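See below for the structure under consideration.
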Amino acid sequence: PYTPVHEVIATLPSGATSYEDKDVTEGVVYSYEIRAVDAAGNIGPRSNTAVATTEPEPTAPAELDRIAGADRYLTSVAVSQATFPAGTADTAVIATGLNYADALAASGLAGAYDGPLLLVGASVKAAIFDELDRLGVTEVLIVGGEVAVSPDVERQLVDSGLKATRVAEGVDRYDTASRVARAIVQKAGAPAV
């Protein structure tokens, strides 16, 4: 916006290369002309006009909260703990931690069930069972075929008293992702991909 004449008379020390005008309004454009005055009071010619716009005061960066565990499996537990209070999830989604593709697809399924996504390897870590107990989970949805999440892992989950269902046993990661998408639509509906 246009601003009327804003006259600033300031005496700067010899050799000064900058001046900070604090009597300004944010978002207003100001024009400045500079003149040099010598010790005898002689005024030099005007400078070219310099244009400046005020900028808002910088804000401090937001605090960064890092959620992490000692490995990817324990990180999935840490994310679950940071997201879900105790006793608030009856269903959890299980995916392999050995490759990212199935877990990436499975994250949407976890959201549809409002439960955590927990990662497993060749076996189920004790911390995963502890987290399932903390949440009150009674059913786990396994994403991926038996190559991704082995029958031994499924057996461990069932033997611990959980109902285990394979929801996406695709022939490859693309087929698995497609089947996961269908399971999400079935559970929560989806107007768009």
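The values are calculated or read from the model by the stated rules, or taken from the named source; none is laboratory data. This is a predicted model, so every value here is computed, not measured. FYI the Cβ positions are ideal-geometry reconstructions off the backbone, even for glycines, and counts take in every protein chain you see. Heavy atoms of the whole protein, side chains included, go into the accessibility calculation; ligands, DNA and RNA do not. Shrake-Rupley method; radii C 1.70, N 1.55, O 1.52, S 1.80 Å.
Rounded to the nearest whole Å², what accessible area per residue is found for the range 63-137 with the 1.4 Å probe?
Ligands and nucleic acids excluded, the result is 50 Å² per residue.
Using unit Cβ charges (K, R positive; D, E negative) and no other charged atoms, how large, in debye to the nearest 20, is the dipole of the range 15-106 about its Cα centre?
200 debye
Counting Lys and Arg as +1 and Asp and Glu as -1, what is the net charge of the other residues whose Cβ lies under 15 Å from the Cβ of residue 115?
Here the charged neighbours net out to -2.
Would you mind getting the Kirkwood hydrodynamic radius of the range 41-179 from its Cα pairs, rounded to one decimal in Å?
Answer for the range 41-179: a Kirkwood hydrodynamic radius of 17.3 Å.
Mind checking the full-extension length gain between residue 114 and residue 130? Use 0.36 nm per residue of separation minus the Cα-Cα distance, one decimal, nm.
3.9 nm
Gain in length, residue 86 to residue 173, computed as 0.36 nm per residue apart minus the alpha-carbon separation, to one decimal in nm?
The residue 86-residue 173 span can extend by a further 28.1 nm.
Throw me the Rg/Rh for the range 79-143, computed over C-alpha atoms with Kirkwood Rh, two decimals.
That ratio is 0.93, to two decimals.
By how many degrees, 0 to 90 and rounded to 10, does the Cα axis of helix 126-135 deviate from the longest principal axis of the chain?
Orientation of helix 126-135: about 80 degrees from the principal axis.
How far, in degrees from 0 to 90, does helix 100-112 lean away from the longest principal axis of the Cα atoms of the chain, to the nearest 10?
90 degrees
Suppose only helical runs count, i.e. DSSP H with n ≥ 4. What mean residue ellipticity at 222 nm does that imply for the chain under -39500 (n - 2.57) per run, divided by all residues and rounded to the nearest 500 deg cm²/dmol?
-9500 deg cm²/dmol
Counting DSSP beta bridges with both partners in the chain, what percentage is antiparallel, nearest 5?
Rounded to the nearest five, the antiparallel share is 30 percent.
Of the options 68, 87, 168, report the single residue whose Cα projects farthest towards the positive end of the charge dipole of the chain (beta-carbon charges: Lys, Arg +1; Asp, Glu -1).
168
Would you be so kind as to identify which of 181, 44, 132 lies farthest towards the positive end of the dipole of the chain, taking Lys and Arg as +1 and Asp and Glu as -1 on Cβ and the Cα centre as origin?
181
Where the convex hull is taken over the Cα atoms of the range 124-193, what is its projected area averaged over directions, in nm²?
5.3 nm²
Which distance in nm do the two modelled labels at residue 160 and residue 26 give, with both placed 7 Å along the Cα-to-Cβ direction?
5.0 nm
Calculate how steeply helix 72-83 sits against the longest principal axis of the alpha-carbon atoms of the chain, using the helix alpha-carbon long axis, and give the answer as 0 to 90 degrees to the nearest 10.
Tilt relative to the chain: about 70 degrees.
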